[in-house]
Every structure is written in structure tokens, then in C-alpha cells.
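Accompanying notes for the structure given below.
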Amino acid sequence: MSQSDDVKYKTYTRRASIIAGGMMVLSSALIGRMYYLQVVGRSQYELLADENRISLRLLSPERGQILDRYGELLAGNRVDYRINLIPEQSENVEETLTVLSELVSLSAREQKRILKAIKRQRSFLPVAVAQNLDWETFAHVNVNIPDLPGIQPDIGTTRYYPQKEYLAHLVGYVGAVSEKDLRRSDDPLLELPGFKIGKDGMERELEQRLRGEGGNSRVEVNALGRVIRELSRQDSVPGDDIRLTIDLGLQKFAAERVRDQSAAIVVMDIHNGDLLAMASTPAFDPNDFNLGISQKKWDALNRDIRTPLINKAISGMYPPGSTFKMIVALAALEAGVIDDIEEIHCNGKYELGNHTFHCWKKYGHGDVNLEDAIAGSCDVFFYEVAGRVGIDKIKEVAHRFGLGQKFDIGIPGEVEGLIPSKGWKQATQGVSWQGGDTANAGIGQGYVLSTPLQLAVMTSRLVNGGYAVEPRIILPSGEETPVQPQKIAVSQSHLRLVQKGMSAVVNEPKGTAHYYIKHGKSYSMGGKTGTSQVRRISKAERDTGIRKYGDKPWIEREHALFVGYGPVEAPRYVVSVLVEHGGGGASTASPIAADVMRYVQEKYKKDDMLKKGERQA
């Protein structure tokens with residue numbers, strides 16, 4: 001071999017060695033990487049593969065039902081055909097919505113809402129597009145799915161209120177989850193498309209009990225995201241069913257009795273506090289809020305002078321008028337400034353300093369004792385005894401009987417009302433309490449304010465022997481131990497005197513309600529009428545003649561009130577009636593209360609007879 005050939009050979013060998021070495025290094029690196037991917041990193045890449053192949057889906061729980069005391073459905077669930085959109089699966093969301101709007105009615109406002117929701121949450125989460133579709137529309141969308149990227153038809157449940165306006169203020173309604181709701185809770189259920197939570201009434205107050213707990217489903221999907229099979233499933237836990245003390249039949253009867261008026265009716269069991277009815281009219285259909293209320297309906301509800309969105313039974317504060325006189329009478333009896341024998345002369349006027357207070361009966365009642373004063377609702381009698389006993393003692397007794405306090409029965413919006421005192425006026429208005437303030441409070445006017453629920457509680461405690469019964473609207477389970485109400489520190493003889501006067505209101509000719517109530521053998525009742533002014537009557541008006549009820553604008557008319565109990569011989573139920581701007585308590589409210597009390601006593605007497613027959617059988 002020549003020297004030149006030897007040089008070439010050595011050069012070739014060196015290059016071959018370098019190449020071979022490089023190939024060995026590359027091969028080693030490749031083998032090492034393959035080993036890492038297949039052995040060391042196997043679990044990690046299996047997980048990534050599974051994440052592409054397996055989808056974990058949150059399962060919405062079925063919301064608990066709300067039932068009346070007999071199991072009648074007040075709030076439940078029904079099938080909901082709906083359409084969702086998964087943004088990351090659509091290259092052009094706006095174009096998809098445009099195509100969808102040819103199949104499903106989607107206004108510009110609704111499309112704007114959808115686009116806003118898409119920006120608010122993660123792109124892989126479904127967004128609710130349309131709900132409560134009929135089957136034909138839902139099927140049409142399913143047929144056109146290939147032309148609707150990202151659209152996901154779904155069958156779920158939606159809230160349903162079969163009793164409509166009859167229970168609206170109690171049950172409330174559900175609505176869409178807001179951004180504020182999301183900030184207040186970390187529950188992933190709230191991010192589900194179309195998921196709704198309680199917005200008012202018991203739906204809101206009992207949200208956690210009604211909501212339930214979410215489940216999950218692991219499903220295998222193909223490259224297009226279509227479900228191939230379910231791998232595992234953990235079912236959701238339904239929400240609790242809630243049974244109320246409400247009697248649906250009685251609730252409907254009460255609401256129908258005042259359908260055309262702005263009113264509230266409360267019916268309560270005086271021994272256990274069961275609220276058998278709590279009607280407030282006018283009302284609204286909660287289904288409108290669940291489905292999405294139109295702007296037109298919303299504006300109409302807000303413009304209505306009769307305030308249909310307000311639960312007047314617990315949120316309306318009204319001067320109790322003469323229904324407050326039993327409290328003044330008890331305070332006076334306790335203080336020893338009056339007894340059942342003393343008579344006070346009423347000539348229609350009560351002079352206090354340089355001011356004249358008037359009785360509703362222009363020329364007076366003559367000489368009246370305690371029973372006469374309650375039966376005939378003599379204002380002069382109660383001006384006098386209120387002045388003797390003083391406002392602070394009246395307030396003390398009023399609180400014992402349930403006025404000026406909330407009971408937290410499980411419905412939002414309950415107010416305390418107001419039972420004033422000397423200290424209250426000084427603290428809130430910076431002026432001293434005056435004798436005229438006491439006179440006004442003595443007839444349930446002035447600063448005194450109460451709710452229909454509070455008046456029902458007050459009446460219950462007056463006629464149940466003086467037990468501090470608390471109202472309740474959720475029926476306790478059989479496992480719960482009944483709570484015995486505490487005894488109120490009050491004389492039983494004083495309670496009997498007051499109750500005797502209340503019986504005379506209805507059952508004796510001297511009573512203010514006697515001639516307005518249809519008496520019958522199937523029921524009996526006692527009670528107290530009340531008429532509360534909403535504006536002061538000036539001296540000029542009295543001199544020229546007070547305008548008749550029908551001549552006043554509705555907003556200036558007096559409120560009509562009545563509190564009643566029955567049966568007289570063995571009280572078991574009370575009724576509280578308020579008719580806003582309804583005029584006289586005797587002429588307007590007492591006939592309503594009598595009809596309700598008749599219904600209650602006849603129905604439950606029949607139920608008691610059936611139960612007795614079943615026990616004997």
C-alpha cells in the first residue's frame with residue numbers, strides 16, 4: 001500500500017469511527033429516551049393518554065321537594081330538554097349561535113348573555129344556551145348536531161311550582177347562579193350549565209338542605225369527544241324533601257277569599273305553633289322567575305301599588321289599631337290601675353292638655369267597664385288606662401306576647417315591627433316621650449307597628465292559657481322531641497277577663513263584629529276588630545265632616561284588621577286578617593276571618609272524627 005493510500009485509509013477509519021461513535025451516542029440516547037418514556041415515565045404518559053380518552057363529568061343532584069303537611073307537592077322537579085354549548089369545541093361561537101337561532105328562538109339579548117357567560121368561565125365548561133324546550137324543537141336540534149360544533153343537547157330537570165301564586169311568598173323560587181354567588185361559594189355544582197339556586201323564600205333559606213350533593217361519571221370518549229362508554233359512576237345525593245305545616249287546601253281558600261284585595265291572612269295552631277296558612281295577596285307565579293321572567297312582567301310587578309312581591313304577612317308593618325287593646329288591658333290589670341268592675345265614662349272625647357283625642361264613636365259609649373271596652377272598642381277607655389299604666393309597662397307586656405320581635409321561621413324578609421318606649425324615642429328622635437304618644441299607643445296607633453304574623457302569635461298566647469308558643473312552618477320529623485312552650489308570667493284570671501271581652505266582640509250585640517259575622521252551629525269564635533289610620537284626621541276635617549270611605553283615594557283609606565280564635569269553649573286555632581286600605585275592621589276583616597275560621601273548624605273536626613273512627617276500628 002502506498003503512503004498516500006495509507007493516509008486515505010487512516011482518514012477514512014477515523015471518520016468511520018467518529019460516525020460510528022456518534023451513531024452509538026445517538027442510539028444510546030434514543031434507547032435511553034425510549035426506556036424513560038416506556039418505563040420511567042409510563043405512569044405519567046398513561047395518565048395523559050387517559051385524560052385525552054377519559055372524561056370526568058360532574059353529576060347534578062336532584063333538588064329536594066317541598067310538600068304541604070299532607071304530602072301535596074308545592075315545589076318539585078320535571079324533565080327539562082335543554083341545549084348547552086362547550087366553547088372550546090366551536091371554532092366560531094357567534095356563528096354557531098347564529099345557526100342555532102334558526103332552530104331555537106334566541107333573541108339578541110339572550111345571545112349576549114351567552115357570550116358574557118362564556119367569557120366568565122373556563123372554555124371546556126358547558127354554558128346553558130336554551131332550557132325548557134318542547135320535544136319537537138329538542139329533536140330538531142339533535143338531527144342538526146353535525147352542523148352545530150360545540151352544541152350539546154342535554155336532558156335534565158327543572159324546578160316546577162304547581163300551586164303557582166298560592167305559595168309564592170312562602171316557597172319562593174330558584175334562579176340562575178350569578179357572579180356574586182360564585183364568589184361566595186366554592187361548590188363546583190354552581191358552575192354546571194343551567195344549575196339554579198334558591199333566590200327567595202324557603203328555596204333560598206333552605207338552599208343547602210334542598211341542593212343535595214353532586215356525583216361524578218367517568219366516561220371514555222373518542223377523538224371527537226363522543227362518549228363511547230361509561231367506566232365508573234358515583235351517583236349524586238338528592239336534596240332533602242321538606243314538609244311544611246301549611247295545609248294547601250286552607251291556604252288556597254284563604255288566598256281566594258282575599259283574591260281581589262291587598263291583604264294577608266295567617267292561621268295558626270295555638271298549642272304547637274303550626275302555621276296552617278299564610279297567604280299574601282296579590283302574589284306572583286314563581287314559575288316565571290324559574291323560566292326567566294320577561295321585562296314586561298317584571299315592570300308590571302314593580303309598578304303595582306299593591307306590592308305583589310312583598311310578603312305582607314311577615315314583611316308588612318302596620319299599626320295594629322284596636323287589636324292592640326288586649327295588650328293595654330293586660331298591662332293595666334297587671335299594674336293594678338284597673339279591674340273588671342271599674343267603669344270609665346266615654347262621651348266621645350278625651351282631653352289631654354290642650355289636645356283632644358276622639359273616640360271612633362262620635363257621641364261616646366257612656367259608662368263602660370273592661371269587658372264593654374274590649375267588646376265595643378272604646379277608644380276613650382284605653383286612652384285613660386294607657387295613661388295610667390305608662391308606655392314602658394305596655395311595651396314589657398307586648399314583648400311577652402310576641403310583638404316587636406322576629407321568629408325566624410325560615411322565610412327571608414321577616415321584620416320586627418316596633419313597640420316604642422320612652423328610651424326609644426329619645427334615642428331615635430332626640431325628644432322626650434309625651435302623654436299624647438301614650439294615648440295613641442293605647443289604641444294601637446302612633447309609633448306602634450306590627451305584622452300579621454305577630455298578631456297571630458299574640459292572639460295564640462292570649463287564648464292558650466298564657467304559653468309562649470313560637471310559630472313554625474317546617475313540620476318536625478317524628479324523631480324530634482316536641483318542645484313545650486314556656487309559661488308566660490301572667491295572671492290566668494286576667495287572661496280570662498280579656499278572653500271574655502274578645503268573645504263578646506263576636507257573640508254579643510254590644511260587640512263591634514256581632515252584626516257582620518254569620519253565626520252558625522258548625523263553628524264558634526271570638527276576636528277583636530281593628531281599624532288603623534294611615535293619616536291624621538285634621539280638626540278642619542272633623543268640623544266639616546270626615547270623608548266617607550269610598551270618597552278617599554285608596555292609599556288614604558284605613559287598614560282593616562281582625563284577630564280571632566276558636567272554638568270559643570276550647571280554643572285551638574287563631575286567625576289574623578289584614579286588608580290594606582280596606583276600611584273598617586268590623587265590616588271588612590271580620591267576615592273574612594269568620595269564613596276562614598269556619599273552614600278550619602269544619603275541616604279539622606271532620607279529620608278528628610275520621611281519626612277517632614280509625615282508632616276504634
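The values are calculated or read from the model by the stated rules, or taken from the named source; none is laboratory data. Remember, predicted model here, so these are calculated numbers, not experimental data. Positions of Cβ are backbone-derived with ideal geometry, glycine not excepted, and every protein chain shown enters the neighbour counts. These accessible areas exclude ligands, DNA and RNA; they are computed on the full protein's heavy atoms, side chains included. Shrake-Rupley method; radii C 1.70, N 1.55, O 1.52, S 1.80 Å.
Assess whether ASP235 counts as being at pLDDT 95 or above and in contact with a strand residue (DSSP E or B) (Cβ under 6 Å, 6 or more places away or on another chain).
Numbers: at pLDDT 95 or above: no; in contact with a strand residue (DSSP E or B) (Cβ under 6 Å, 6 or more places away or on another chain): yes.
The answer is no for ASP235.
Okay, residues lined up against (1) buried (at least 23 other Cβ atoms within 10 Å of the Cβ); (2) over 27 Å from ALA560 (Cβ atoms):
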residue	(1), (2)
PRO319	yes, no
GLY348	no, no
PHE357	no, no
ASP367	no, yes
GLU371	no, no
ALA375	yes, no
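Looking at the stretch 397-412, which of its residues are of a type in the set (D, E, K, R) and surrounded by fewer than 17 Cβ atoms within 10 Å (Cβ to Cβ)? It would help to see each step written out before you state the result.
So the first thing to find is which residues in the stretch 397-412 are of a type in the set (D, E, K, R), and the list is 400, 406, 408.
Within the stretch 397-412, LYS406, ASP408 meet the criteria.
Candidates are the residues of the stretch 178-194 that are part of a helix (DSSP H, G or I) and open to solvent by 40 Å² or more (accessible area, probe 1.4 Å); the one that is nearest to SER123 (Cα to Cα) is GLU191. Among the residues making up the stretch 489-510, a single one is more than 30 Å from LYS521 (Cα to Cα) and surrounded by 19 or more Cβ atoms within 10 Å (Cβ to Cβ): VAL490.
Is it the case, given these coordinates, that ALA513 is out of contact with any Ser or Thr (no Cβ under 8 Å at 6 or more places or on another chain), open to solvent by less than 10 Å² (accessible area, probe 1.4 Å) and hydrophobic (A, V, I, L, M, F, W, C)? Reasoning before the result, please.
Working: out of contact with any Ser or Thr (no Cβ under 8 Å at 6 or more places or on another chain): no; open to solvent by less than 10 Å² (accessible area, probe 1.4 Å): yes; hydrophobic (A, V, I, L, M, F, W, C): yes.
Spelling it out, it is not the case that ALA513 is out of contact with any Ser or Thr (no Cβ under 8 Å at 6 or more places or on another chain), open to solvent by less than 10 Å² (accessible area, probe 1.4 Å) and hydrophobic (A, V, I, L, M, F, W, C).
On the stretch given as the stretch 344-377, residues that are hydrophobic (A, V, I, L, M, F, W, C) and either at pLDDT below 95 or within 13 Å of ASN440 (Cα to Cα) (or both) total 4. Reported count of residues in the stretch 231-271, each being among the acidic types (Asp, Glu) and more than 29 Å from GLU470 (Cβ to Cβ), is 2.
For LEU167, the conditions (1) in contact with a strand residue (DSSP E or B) (Cβ under 9 Å, 6 or more places away or on another chain); (2) at pLDDT 85 or above; (3) open to solvent by 40 Å² or more (accessible area, probe 1.4 Å) all hold with the exception of (3).
Yes or no, residue by residue, for (1) within 20 Å of HIS358 (Cβ to Cβ); (2) modelled with pLDDT of 95 or more; (3) not hydroxyl-bearing (Ser, Thr, Tyr):
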site: LYS518; (1), (2), (3): no, no, yes
site: MET525; (1), (2), (3): no, yes, yes
site: ASP543; (1), (2), (3): yes, no, yes
site: PRO553; (1), (2), (3): no, no, yes
site: ALA560; (1), (2), (3): yes, yes, yes
site: GLY566; (1), (2), (3): no, yes, yes
site: ARG572; (1), (2), (3): no, yes, yes
site: VAL575; (1), (2), (3): no, yes, yes
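Note on the stretch 117-152: residues that are more than 21 Å from PRO286 (Cβ to Cβ), open to solvent by 40 Å² or more (accessible area, probe 1.4 Å) and part of a strand (DSSP E or B) total 1.
In the stretch 301-312, which residue that is open to solvent by 50 Å² or more (accessible area, probe 1.4 Å) and either more than 21 Å from TYR160 (Cβ to Cβ) or among the aromatic types (Phe, Trp, Tyr) (or both) is nearest to the chain's Cα centre (by Cα)? Full working, then the answer.
First pass over the stretch 301-312, keeping only residues open to solvent by 50 Å² or more (accessible area, probe 1.4 Å): 302-303, 305-307, 309-310.
Narrowing the set further to residues that are either more than 21 Å from TYR160 (Cβ to Cβ) or among the aromatic types (Phe, Trp, Tyr) (or both) leaves 302-303, 305-307, 310.
Numbers: ASN302: 18, ARG303: 21, ILE305: 21, ARG306: 18, THR307: 15, ILE310: 10 Å.
If we take residues in the stretch 301-312 being open to solvent by 50 Å² or more (accessible area, probe 1.4 Å) and either more than 21 Å from TYR160 (Cβ to Cβ) or among the aromatic types (Phe, Trp, Tyr) (or both), then ILE310 is nearest to the chain's Cα centre (by Cα).
If we keep just the residues of the stretch 472-482 that are free of Cβ contacts under 8 Å to residues at least 12 places away in the same chain and open to solvent by 50 Å² or more (accessible area, probe 1.4 Å), which is farthest from ILE242 (Cα to Cα)?
Just the residues of the stretch 472-482 that are free of Cβ contacts under 8 Å to residues at least 12 places away in the same chain, to begin with: 476-481.
Right, trim to open to solvent by 50 Å² or more (accessible area, probe 1.4 Å) and you get 477-481.
Details: SER477: 10, GLY478: 13, GLU479: 15, GLU480: 15, THR481: 18 Å.
So, considering only residues that are free of Cβ contacts under 8 Å to residues at least 12 places away in the same chain and open to solvent by 50 Å² or more (accessible area, probe 1.4 Å), the one farthest from ILE242 (Cα to Cα) is THR481.
When each of HIS365, HIS345 is tested for being in contact (Cβ under 8 Å) with a residue 12 or more places away in the chain, closer than 30 Å to GLY435 by Cβ, touching a Cys at 6+ places or on another chain (Cβ under 9 Å) and not small (Gly, Ala, Ser), the lone residue that passes is HIS365.
For VAL469, indicate whether it is within 29 Å of ILE411 (Cβ to Cβ), open to solvent by less than 20 Å² (accessible area, probe 1.4 Å) and of a type outside the set (D, E, K, R). Criteria met by VAL469.
Do you know which of the residues in the stretch 153-170 that are of a type in the set (D, E, K, R) and in a helix (DSSP H, G or I) is nearest to GLU72 (Cα to Cα)? Give the derivation first.
Step one: list which residues in the stretch 153-170 are of a type in the set (D, E, K, R), which gives 154, 159, 164-165.
From what's left, in a helix (DSSP H, G or I): 164-165.
Numbers: LYS164: 13, GLU165: 15 Å.
It comes out as LYS164.
Residues of the stretch 555-574 being among the β-branched types (Val, Ile, Thr) and either more than 16 Å from GLY321 (Cα to Cα) or part of a loop (DSSP other than H, G, I, E, B) (or both), which ones?
Quick first cut of the stretch 555-574, residues among the β-branched types (Val, Ile, Thr) only: 555, 563, 568, 574.
Result: ILE555, VAL568, VAL574.
Report whether or not GLY156 is in contact (Cβ under 8 Å) with a residue 40 or more places away in the chain, surrounded by 14 or more Cβ atoms within 10 Å (Cβ to Cβ) and not charged (D, E, K, R). Criteria met by GLY156.
Working only within the stretch 413-438, note down all residues that are of a type outside the set (S, T, N, Q) and open to solvent by 30 Å² or more (accessible area, probe 1.4 Å). Before the answer, list the steps.
Going through the stretch 413-438, the residues of a type outside the set (S, T, N, Q) turn out to be 413-420, 422-425, 427, 430-431, 433, 435-437.
Within the stretch 413-438, GLY413, VAL415, GLU416, LEU418, LYS422, GLY423, TRP424, ALA427, GLY430, VAL431, TRP433, GLY435 qualify.
Collect the residues in the stretch 439-466 that are open to solvent by less than 30 Å² (accessible area, probe 1.4 Å), at positive phi and touching a residue at least 40 places away in the same chain (Cβ under 8 Å), keeping them in residue-number order. Give the steps one after another, and end with the answer.
Of the stretch 439-466, the ones open to solvent by less than 30 Å² (accessible area, probe 1.4 Å) are 439, 441-445, 448, 450-466.
Next, from what is left, pick out any that are at positive phi: 444, 465-466.
The one that is open to solvent by less than 30 Å² (accessible area, probe 1.4 Å), at positive phi and touching a residue at least 40 places away in the same chain (Cβ under 8 Å): GLY444.
Of the residues examined, ILE341 is one that is open to solvent by 60 Å² or more (accessible area, probe 1.4 Å), β-branched (Val, Ile, Thr) and over 14 Å from GLU384 (Cβ atoms). Might you let me know whether the stretch 429-452 holds any residue that is in a helix (DSSP H, G or I), within 27 Å of GLN251 (Cα to Cα) and not hydroxyl-bearing (Ser, Thr, Tyr)? Yes, because at least one residue in the stretch 429-452 is in a helix (DSSP H, G or I), within 27 Å of GLN251 (Cα to Cα) and not hydroxyl-bearing (Ser, Thr, Tyr). Among the candidates GLU416, GLU470, the residue that is assigned to a loop (DSSP other than H, G, I, E, B) and touching a Phe, Trp or Tyr at 6+ places or on another chain (Cβ under 7 Å) is uniquely GLU470.
For the stretch 139-159, which positions are closer than 24 Å to TYR173 by Cβ and either hydrophobic (A, V, I, L, M, F, W, C) or out of contact with any strand residue (DSSP E or B) (no Cβ under 7 Å at 6 or more places or on another chain) (or both)? Correct list: ILE155 only.
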